[in-house]
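Asker: Pasting a structure here, questions to come.
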Amino acid sequence: MGTMGKRKKSLRLLAAVLLLGTVLSACGEGEPAPTPTPTQAPAPTATAQPKEFALPCYPEAGFHPIQGSNRTNLALGGLLYDGLYELDQTFMPQPALATGYTVSSDGLSWTFALRGGVTFSDGTPMTAADVAASLTQAKNSVLYGNRLAGISSAQAGEGSVTVRLTSPNGNLPALLDVPVVRETGGTPLGTGSYVLQQSGESYILQRRNDGWHTPAPALETIPLRTVEEANDLLYAFDTQEISLVGTDFTGVGALGFSGSFETVDYPTANMLYIGFNTARGPCRDAAVRRALGRGMNRDSICSALLSRHAVAATLPAHPASGVYDPETAGTLKYSPQEMDSILTQAGWSRTDGSYQKGREKLELTLLVNQDNSYKTGVADAIGRDLTAAGVSVTVKKLSWEDFTAALSAGDFDLYLGEVKMSADFDPSPLLGGGALNYGKYNDPTAAGLLSAFRAAQGEERQAAAKALYERLGEQAPFAVLCFKNWSMLTQWGQVSNATPTQQNLFCGFGNWSFAN
């Protein structure tokens, strides 16, 4: 196809119309569910022959799966590369290049046995040295560095790799869906079902007969359509030149896709939450924080404000994950009656519609980044609901620079935040010395329970999670609102049985069915 840069004028006009439509309607398709749920846009008025299944790419951005930053190209990595593990729709790690592991008694040394007979796309065998080098490179990368910060070393053995940690992590495999590569000086070799091939300015994905990806994908080749900018991507999808795109409908700068397409929403570890200033102001009282958490209507936020592209939660783990404790979660859910009861027991009384304690009125400032209309909508709704319930809340909308400066200075009572949790759902960034602990919450009991949770394995991890969540529920250093869903869009009727996940848009690609 070549590039689409020759259509710049029509592209800019089309993109302006599409983006305006998104701002005005603020809607999208999809249901929040632990497993992907197809949602149908209006069916085409006329039956058209499905076009060839094709995917977009940005060649100028490069295709490196560890050092790259282009989301579209990184998504292709799910077809080109494998990790030691792959996450399923419940964030559970499933073996891929690893077949099992052993753990030292102190939990600091993990040895992973490697699958035999695996080759890279040039036919050469994958070695333990390749795996160790890939993990080391990922640990030092922007893309994977945060989640792998607890790894001190990765060393190759005989058919195995040993990973050593600075502190125990009982769910380490959930962090190891890192692409295993062999460097070539250009696009690295991978062990995936497809290999990237280039002819002049054209790119395709060519299926490999590697023997261990079963079932093998149905498509022998997948053409890649070259795009140069976001407008090109919009145009190519609207004209059906590409068959599939991934998007975050509620993200900053989300593209305005239009036309007739099908949507599969899939769960992510992106958590929206309200952070409290526990060091000063009314929210230094845990009872006030607990009460405010009970006054937030999470179901309404997900359905009415986030267009169902989120699933409500009260704990810092996705409801689909194995560590989410429904019993504890239920004690934190929306209840205006419980909110009133907690405040009353804490000495607050409602006079003339507002809560007071002596001469002190319960008046709060809620900060939100103004760059995302969905987030400002959520903040406004929380402010209205709490104010109507007797807690005076002023919503302050700031630029990203001013927002982060205010958080760092502790100049807030509440703030609306978003964090991408790691797949082991470690809440460390929000607690103790964590980078996101702007509220200065410090609790030795919670710190001990956090360490126990991080170290626990198997069924013990669920018990440790429950103990931690109960303590966080009592102390309420933050109030979880929901976990966002992202979306895979496909041309109408072209793809079925798709099961995308947060880390791999093409998860289970061998089970997908295609119309052509």
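Asker: How much mean residue ellipticity at 222 nm does the chain get from its helices, if each DSSP H run of length 4 or more adds -39500 (n - 2.57) and you divide by all residues, to the nearest 500 deg cm²/dmol?
Answerer: Counting only the DSSP helices, I get -7500 deg cm²/dmol.
Asker: Mind jotting down the distance between the C-alpha centroids of region 128-166 and region 434-466, whole Å?
Answerer: Centre-to-centre distance over Cα atoms comes out at 24 Å.
Asker: Now, a different point. Once Lys and Arg get +1 and Asp and Glu get -1 on their Cβ, which of Thr394, Ala456, Gly358 lies farthest toward the positive end of the dipole of region 327-476?
Answerer: Farthest along the dipole direction, towards plus: Gly358.
Asker: Computing the accessible area with a 1.4 Å probe over protein heavy atoms, can you report the carbon and sulfur percentage for the chain?
Answerer: 50
Asker: Semi-axes of region 362-516's equivalent ellipsoid from the Cα gyration tensor, sqrt of 5 times each eigenvalue, largest first, rounded to whole Å?
Answerer: 34, 26, 14
Asker: If you place +1 on the Cβ of every Lys and Arg and -1 on the Cβ of every Asp and Glu, how big does the dipole about the Cα centre of region 344-419 come out, in debye to the nearest 20?
Answerer: In total the dipole reaches around 340 debye.
Asker: Here is a further query. Working with all protein chains in place, sort Lys397, Lys333 by solvent-accessible area computed with a 1.4 Å probe, largest first.
Answerer: Ranking Lys397, Lys333 by accessible area, largest first, yields Lys333, Lys397.
Asker: How big, on average over all directions, is the shadow cast by the Cα convex hull of the chain, in nm²?
Answerer: The Cα convex hull of the chain, projected and averaged over all directions, gives 25.1 nm².
Asker: Still on this structure: Can you pull the semi-axes for region 338-410, root of five times each eigenvalue of the Cα gyration tensor, sorted largest first, whole Å?
Answerer: 27, 14, 9
Asker: May I ask you to give the solvent-accessible area per residue for the chain, in square angstrom, as obtained with a 1.4 angstrom probe?
Answerer: Roughly 42 Å² per residue, with all protein chains present.
Asker: Sort 322-330, 499-507, 461-469 for me by packing, meaning the mean count of neighbouring Cβ atoms within 10 Å per residue, highest on top.
Answerer: 499-507, 461-469, 322-330
Asker: If you take the Cα Rg of region 315-438 and divide it by 2.2 N^0.38 Å, with N the number of residues, what do you get?
Answerer: 1.20
Asker: What is the distance in Å between the Cα centroid of region 86-101 and that of region 201-254?
Answerer: Spelled out, the Cα-based centre of one part sits 24 Å from the other.
Asker: Let me ask you something else. For the chain, which DSSP H helices look membrane-span-like by this rule: Cα extent along the axis of 20 Å or more and mean Kyte-Doolittle of at least 1.0?
Answerer: Span-like helices in the chain: 8-25.
Asker: Which one of Leu430, Ala467, Val378 has its Cα pushed farthest toward the positive end of the charge dipole of the chain, where Lys and Arg give +1 and Asp and Glu give -1 at the Cβ?
Answerer: Checking the options against the dipole of the chain, the answer is Val378.
Asker: Which Cα, out of Pro282, Pro267, Phe249, lies furthest along the positive dipole direction of region 247-293 (beta carbon charges, K/R +1, D/E -1)?
Answerer: Pro282
Asker: Stick to the Cα atoms of region 118-217, pair each with every other, and give me the Kirkwood hydrodynamic radius in Å at one decimal.
Answerer: Hydrodynamic radius (Kirkwood, Cα pairs) of region 118-217 is 15.1 Å.
Asker: Still on this structure, please answer the following. Non-local amide H neighbours of Asp443 (under 5 Å, H modeled in plane, Pro and chain starts lacking H): which ones?
Answerer: Answer set, sorted by chain and number: Gly432.
Asker: Something else: Counting Lys and Arg as +1 and Asp and Glu as -1, each charge on the Cβ, what is the dipole of the chain about the Cα centre in debye, to the nearest 20?
Answerer: 800
Asker: Kindly flag which residue pairs out of Lys397/Lys420; Lys396/Lys440; Lys333/Lys357; Lys51/Lys139; Lys357/Lys466; Lys440/Lys484 have an alpha-carbon separation exceeding 30 Å in this structure.
Answerer: Violating the 30 Å Cα-Cα cut-off are Lys51/Lys139; Lys357/Lys466.
Asker: Still on this model: How would you rank 247-253, 72-78, highest first, on the average number of other Cβ atoms within 10 Å across their residues?
Answerer: 72-78, 247-253
Asker: Can you tell me the order of 343-355, 372-384, 150-162 when each peptide is scored by its average per-residue count of other Cβ atoms within 10 angstrom, highest first?
Answerer: 372-384, 150-162, 343-355
The values are calculated or read from the model by the stated rules, or taken from the named source; none is laboratory data. Predicted model, so just to flag it, every value in this text is computed and none were measured. Positions of Cβ are backbone-derived with ideal geometry, glycine not excepted, and every protein chain shown enters the neighbour counts. Surface areas here come from the heavy atoms of the whole protein model, side chains and all, with no ligands, DNA or RNA. Shrake-Rupley method; radii C 1.70, N 1.55, O 1.52, S 1.80 Å.
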